[in-house]
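Take a look at the structure set out below.
Values in this text are rule-based calculations from the coordinates and carry no lab data. Because the structure is predicted, anything quoted here is derived from the model rather than measured. Glycine also receives a Cβ, built like all others from the backbone with ideal geometry; neighbour counts cover every protein chain displayed.
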Ligand SMILES: NC(=O)c1ccc[n+]([C@@H]2O[C@H](COP(=O)([O-])OP(=O)(O)OC[C@H]3O[C@@H](n4cnc5c(N)ncnc54)[C@H](OP(=O)(O)O)[C@@H]3O)[C@@H](O)[C@H]2O)c1
């Protein structure tokens, strides 16, 4: 019997989607303790506007985003800072979504502590003032009245979390935001946020976005157990380790037009290739591609809601969507994967 992660709020539902090539099956899950249903494979939107990628242009972005929707993907994960210029990726998403806004669950983020923002912030991007400004900009760029999932990008040590929660509560009451999530929180911060929300009668965060992949498993130690305990849905970022687990890389390198070879060759240089080659053999024996095995493994993890992989071409996003139902690991498969990539451990440099 295969393992799929416990769906926190309801049954996993499979639905056929009619696309140009025939029929695709996508599965849908509830995001944490909410009524929000999202596709098990989502689309990360940090490639839109990325220099050198096929999605640097609006045309390239339109193609990938429309193919995603046509193949059953509903969750789009953006951020105000994506696109190599504040707001650029959101603007491209807004333009691509003209006439199709209602087909997606639109997620974006505000308040990354380490990236430049043109808005006044006084180094407190979780403050009420900053959130009020940030949301208006995202709504305008995304050309929408409501953001389905508004995520706090990184913790803000300068602002009490009560204030951030109260400001987000106001946005929900005003109809500008439907649900809230956080990102890059530690397990204890997830627990603290949930208890503070309950104490002050604020809406609770329904999702946690943290780095998680076969080479980055430290979230196994605190974050995933905390998310499971509090009913928070996990959205893993860099789920394919920037594309390393798509099967197109070897210890010698990979396609020159890939993000890794263009921008982050150290990821190939520092990767534990003996383990990755053993994993490739594991996939071959089971007759499953590395990408499909990796997405299947992620979907088996506790509390994991949707794999928000990025994509730069239509072929990639179609393959990723199909991977939602391609392979389900057994207990024995999971034990063997744990032996190759031990739970709780991080390899290499991100
Ligand atoms: N919350 C945070 O702090 C944070 C941080 C980072 C990212 N994120 C989110 O997480 C999302 C996912 O991360 P990511 O996109 O950076 O990394 P990723 O999902 O690990 O890797 C995506 C990259 O792998 C390659 N790829 C994807 N599917 C492929 C396929 N089927 N075949 C071959 N290559 C394929 C593409 O790059 P190439 O074509 O260039 O090879 C793609 O851009 C982001 O888009 C963003 O929404 C959040």
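Using Cα atoms only, what is the angle between the long axis of helix 273-286 and the major principal axis of the chain, expressed in degrees (0 to 90) to the nearest 10?
It works out to around 70 degrees.
For residue 95 and residue 198, compute 0.36 nm times the residue count separating them, minus their Cα-Cα distance, and round to one decimal in nm.
Working: separation 103, 0.36 × 103 = 37.08 nm, distance 3.75 nm.
Between residue 95 and residue 198, full extension yields an extra 33.3 nm.
What fraction, in whole percent, of alpha-carbon pairs in the stretch 97-241 exceed 29 Å separation? Display every interim value, and only then the final one.
Details: 1501 of 10440 pairs.
For the stretch 97-241, the fraction of Cα-Cα distances above 29 Å is 14 percent.
In degrees between 0 and 90, to the nearest 10, how far off the longest principal axis of the chain does helix 128-142 point, with axes built from Cα atoms?
In the chain, helix 128-142 runs at an angle near 60 degrees to the longest axis.
Please list 306-317, 184-195 highest first by mean number of surrounding beta-carbon atoms within 10 Å per residue.
Values: 306-317: 23.5, 184-195: 17.9.
Those peptides, ordered most packed to least, come out 306-317, 184-195.
Rank-order 263-272, 296-305, 101-110 by packing density, defined as the average count of other C-beta atoms within 10 Å over each peptide's residues, highest first. Kindly include the intermediate steps, with their values, before the conclusion.
Values: 263-272: 16.2, 296-305: 24.1, 101-110: 21.2.
Those peptides, ordered most packed to least, come out 296-305, 101-110, 263-272.
Regarding the chain, what is the average projected area of its C-alpha convex hull, in nm²? Intermediate results must be reported in sequence, preceding the final value.
On the way: hull surface 65.0 nm².
So the Cα hull casts an average projection of 16.2 nm².
Rounded to the nearest 5, what % of the DSSP beta bridges within the chain are antiparallel ones?
On the way: 14 of 39 bridges.
Antiparallel bridges: around 35 percent, rounded to the nearest 5.
Could you state, as a whole-number percent, how many of the C-alpha pairs of the stretch 213-285 are farther apart than 19 Å?
Working: 1165 of 2628 pairs.
Value for the stretch 213-285: 44 percent of Cα pairs lie more than 19 Å apart.
Please tell me the relative contact order of the stretch 173-243 in percent, rounded to the nearest whole number, where contacts are Cα pairs under 8 Å and at least six residues apart. All intermediate terms of the calculation are to be shown ahead of the outcome.
Numbers: 95 pairs, mean separation 25.0, N = 71.
Reported as a whole number, the value is 35 percent.
Using only alpha carbon pairs under 8 Å that are at least six residues apart, calculate the relative contact order of the chain and give it in whole percent.
22 percent
I need to check one value: relative contact order of the stretch 34-142, counting alpha carbon pairs closer than 8 Å and at least 6 residues apart, in percent. Can you show the working numbers first?
Details: 166 pairs, mean separation 27.1, N = 109.
With pairs under 8 Å counted, the relative contact order is 25 percent.
Relative to the first principal axis of the alpha-carbon coordinates of the chain, what is the inclination of helix 161-173, with its axis defined by its Cα atoms, in degrees from 0 to 90 and to the nearest 10?
80 degrees
Highest first, please rank the peptides 239-251, 41-53 by the mean number of other Cβ atoms sitting within 10 Å of their residues. Show your work: numbers first, answer last.
Numbers: 239-251: 20.8, 41-53: 23.8.
The packing order, highest mean first, is 41-53, 239-251.
Take the alpha carbon atoms of the stretch 46-147, find their radius of gyration, then divide it by 2.2 N^0.38 Å using N residues; give the quotient.
Details: Rg = 13.7 Å, N = 102, 2.2 N^0.38 = 12.8 Å.
Cα Rg divided by the expected 2.2 N^0.38 Å: 1.07.
Given N residues in the stretch 110-153, what is its alpha carbon radius of gyration divided by 2.2 N^0.38 Å? Working shown, then result.
Values: Rg = 10.3 Å, N = 44, 2.2 N^0.38 = 9.3 Å.
So the stretch 110-153 has a normalised radius of gyration of 1.11.
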